[in-house]
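None of the figures in this text is laboratory data; all of them are computed from the coordinates on show. Not measured: the values here are computed from a predicted model. Note that each Cβ is placed from the backbone with ideal geometry, even for glycine, and that neighbours are counted across all protein chains shown.
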Number of protein chains: 2
Amino acid sequence: MKRIGNQTLEILSDCYIVGASSLVGEKEKNGTYKNYFKNSVEDDRMGEKTFEKAERKMLSLINKDAVKNSKLKNSDIDLYLGGDLMNQIVSSNYSAEVLQVPFVGVYSACSTITASLGLAACLIDGGGFDNILCSTISHFSAAERQYRYPLEFGNQRQSYSQWTVTAGGGFVVSNKKSNIKIKKVCFGRVQDFGVIDIANMGAAMAPAACDTLCNFFADTKTKPNDYDFIATGDLGKLGSDILRDLISKRGYVLEQNYIDLGHSIYSFEEESYQGGSGAGCSASVLASYIIEKMKSGVFKKVLVAATGALMSTTSNQQGDSIPCVSHLIELVLE
Amino acid sequence: MKRIGNQTLEILSDCYIVGASSLVGEKEKNGTYKNYFKNSVEDDRMGEKTFEKAERKMLSLINKDAVKNSKLKNSDIDLYLGGDLMNQIVSSNYSAEVLQVPFVGVYSACSTITASLGLAACLIDGGGFDNILCSTISHFSAAERQYRYPLEFGNQRQSYSQWTVTAGGGFVVSNKKSNIKIKKVCFGRVQDFGVIDIANMGAAMAPAACDTLCNFFADTKTKPNDYDFIATGDLGKLGSDILRDLISKRGYVLEQNYIDLGHSIYSFEEESYQGGSGAGCSASVLASYIIEKMKSGVFKKVLVAATGALMSTTSNQQGDSIPCVSHLIELVLE
């Protein structure tokens, strides 16, 4: 691979998404992308005793499906990269145990999928790997009780909060050809604008998305209109408005080709405050809607800049502000 | 890079550790490696209000020192890879904010440093990066209250438990020459032998170390005696005894050239049960003792197989066993 400018990497050899899969909960299935989410679950307990066990069961199904959709076997996978929102990314750890392939855990909160896909693309380009599986997941009920309050507490949500999606997405990145190429990668720098309110993650994450997008545009000497589709995820309505504002001050205008996947994942009728969030938000929409729109030729050149809020409940309780990051990948239809 | 056998990667282009640094607490400074730990802290609060804030302050000092020892500036670092034991790897996230270079978080518990160095070596080999910083840390008091009990509770420790080290290590991996080359990498598969007692992590992790070491020996057609020094970390006394036993059944014998860094980090007089553990255990000893012994020509060919226990307190409370992993790097003196 080759570095362009300060921060962007161009993938030089064959590096394609050869298979993808998503699995979502009922609320997500009833949202904007209902026609694109092929697989959904009605029981968000998945027949398990706890939400945490359900999350990892969903992730294992996603991994299985991604490998199957790639027309590969588990034994063809050289490396598994991924993470999730649970402490110590246990959902991914237990899913890796099921797979029995080499596994490196990635933690980048809701930007885990682009961090993983970005690493996978660089590693495939390096020549030592043929097929790398990347996946991530989030689960509303498991995340809610870990990061905020027990569900039984029935707390009132802030109007500017987002709803953690019960959803996940998996991908196989390969040196075998498909029509969706990972062409560029831009790993982000951690940005912290002093937001300490963990209900307002869109505001906290917008500066990170702005930083990565601007650096990518500068490195590649492109502008937003050079792409058919630009997605951030998951800033929500408020966060994406802040991003539009911040980025316009840097000389870039995000127009009709821009959407935030958190903002858009739920329908208006679902009354989900500022929209969705969670590691599975970008991953599930990328694995379904975006991939499908590319395959059908509607989108030919796509940027996905997932965003992650990197605090913990402990750091928040100790008064620290929320450090955020955004990792970007460029996908091109061939 | 080139894959050898099933799981091992040979780094083909120039890939060297050009700078390393460690920082340890007082108990670690008084242990076996006292002459090799150049930097230590007396106040494990680092003048901060909480142990968590102290941990991230230590990590930032380690990063600064590693970059300085590499005769580089922050702006020369193309990527920062690392993680720690805190939920959501916040120590690393906040340290990444200080650095302002692209950052991808890695979570692999106590094997984080070899996971990060392994990824860094593959990425440097791929050609898009010149210098990658890798670091990790653990802090006894921060880990103890997150994973086990509040210190004030004064619980009795099991005789088979290990002591989380207050220590960390940082490295710069570069395509510029030094005399310590990262020659091979072997990412591990998650192993779970059903251990559910989180005080007995050595027993849980030994099968992971055994799996990675045996696969590496098979891939490279080598045996333990082909190396000057083989280190696992951090199985402790009991765990490393279990490893010796397990690996002998697979036809390999670990002799005088083998040591577990958890078992060895504290002196006998320090009465630290089975020894040390924590992400900083392997990292700090590698950054000091091992690197120094290589530089002075005592060790020419070294394997470091750090091990990680990938459970969370939640998974443990829900009755799940402990999934474990071990990632290996081969270092060669040139």
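Some points to look at:
- Closest-to-axis residue of chain A (Cβ criterion, axis taking A to B), whole Å: A:G126, 2
- Charged side chains reduced to their Cβ positions (Lys and Arg at +1, Asp and Glu at -1) give segment B:13-174 a dipole of some 380 debye around its Cα centre.
- Magnitude of the charge dipole for the protein assembly as shown, about its Cα centre and with charges confined to Cβ atoms of Lys, Arg (+1) and Asp, Glu (-1), is about 1500 debye.
- Förster radius 22 Å - calculated FRET efficiency between B:R45 and A:D197, Cβ distance, rounded to 0.05: 0.20
- Only DSSP H runs of four or more residues enter the estimate; each adds -39500 (n - 2.57), and after division by the residues of chain B the mean residue ellipticity at 222 nm equals -10000 deg cm²/dmol.
- In the protein assembly as shown, a dipole from Cβ-located charges (positive for Lys and Arg, negative for Asp and Glu) runs towards its positive end, and of A:L59, B:G276, A:Y80 it is A:Y80 whose Cα lies farthest in that direction.
- For A:F193, net neighbour charge (Lys/Arg +1, Asp/Glu -1) across residues whose Cβ lies under 14 Å away: -4
- Highest-fluctuation residue, B:N63, B:N200, B:N155 considered, GNM on chain B with Cα pairs under 10 Å: B:N155
- This ranking places A:H327, B:H263 by how few other beta-carbon atoms lie within 10 Å of each, fewest first, which gives B:H263, A:H327.
- Those trypsin sites (Lys or Arg not before Pro) in segment B:72-164 that DSSP places in a loop and that have at most 15 other beta carbons within 10 Å: B:K73, B:R157
- Per-copy distances of the B:M46 label point, shortest first, in nm (7 angstrom along Cα→Cβ): 3.7
- Under the convention that each Lys and Arg Cβ holds +1 and each Asp and Glu Cβ holds -1, the size of the dipole of segment B:116-216 around its Cα centre is about 380 debye.
- Comment: the Cα-to-Cβ extended label point of B:G154, at 7 Å, lies 4.3 nm from its counterparts in the other copies, nearest first.
- Partners for A:K181 among aspartates and glutamates (Cα-Cα distance below 16 Å; same-chain residues under 8 apart left out): A:E10, A:D14, A:D125, A:D130, A:D228, A:E292, A:E330, A:E334
- Taking a straight line from the alpha carbon of B:K53, these aspartates and glutamates sit under 17 Å away, with near neighbours fewer than eight places off in the same chain left out: A:D192, A:D320, B:E42, B:D43, B:D44, B:D84, B:E97, B:E144.
- Springs between Cα atoms under 10 Å define the GNM used for chain A, and in it the highest mean-square fluctuation of A:K53, A:K301, A:K249 occurs at A:K249.
- Net charge contributed by nearby residues that have their C-beta within less than 12 Å of B:C214 (K/R +1, D/E -1): +2
- Bins of 10 Å, starting at 0 and running to the largest distance - Cα pair percent for segment B:116-250: 10, 30, 34, 21, 5, 0
- Normalised contact order of chain A, rounded percent, pairs of Cα under 8 Å and 6 or more residues apart: 26
- For segment A:1-98, the set of GluC sites (Glu not before Pro) satisfying both a DSSP loop assignment and a count of at most 16 other C-beta atoms within 10 Å is given as A:E42, A:E48.
- Mean projection area, nm², convex hull over Cα of segment B:13-174: 10.0
- Helix screen, chain A: DSSP H segments with Cα axial length of 18 Å or more and mean Kyte-Doolittle hydropathy at least 0.0 are A:112-126, A:201-220.
- Cα-based Rg / Dmax (Å) for segment A:180-333: 15.0, 49
- Residues with amide H under 5 Å from that of A:Y266, placed H, sequence gap 5 or more: A:T32, A:G276
- Here's the picture: charge each Lys and Arg Cβ at +1 and each Asp and Glu Cβ at -1 in segment B:138-198, and of B:V190, B:G170, B:Q158 the one pushed furthest to the positive end of that dipole is B:G170.
- Label separation (B:E334 vs A:T222): 3.5 nm, computed from points 7 Å beyond Cα along the C-beta direction.
- Whichever aspartates and glutamates have a C-alpha closer than 15 Å to that of A:K249, once near sequence neighbours (fewer than 8 apart) are set aside: A:D211, A:D241
- Comment: the Cα-to-Cβ extended label point of B:R250, at 7 Å, lies 4.6 nm from its counterparts in the other copies, nearest first.
- Summed residue charge, Cβ within 14 Å of B:G319's Cβ, Lys/Arg positive, Asp/Glu negative: -2
- Set the Cα radius of gyration of chain B against 2.2 N^0.38 Å, with N its number of residues, and you get 0.90.
- Unsatisfied cross-links (Cα-Cα over 29 Å) in the set A:K221/B:K73; B:K71/B:K301; B:K177/B:K237; A:K293/B:K2: B:K177/B:K237; A:K293/B:K2
- Distance between modelled label sites at A:K295 and A:K34, nm, 7 Å Cα→Cβ extension: 2.2
- Its residue count N fixes a reference of 2.2 N^0.38 Å for the protein assembly as shown, and the Cα radius of gyration divided by that reference is 0.88.
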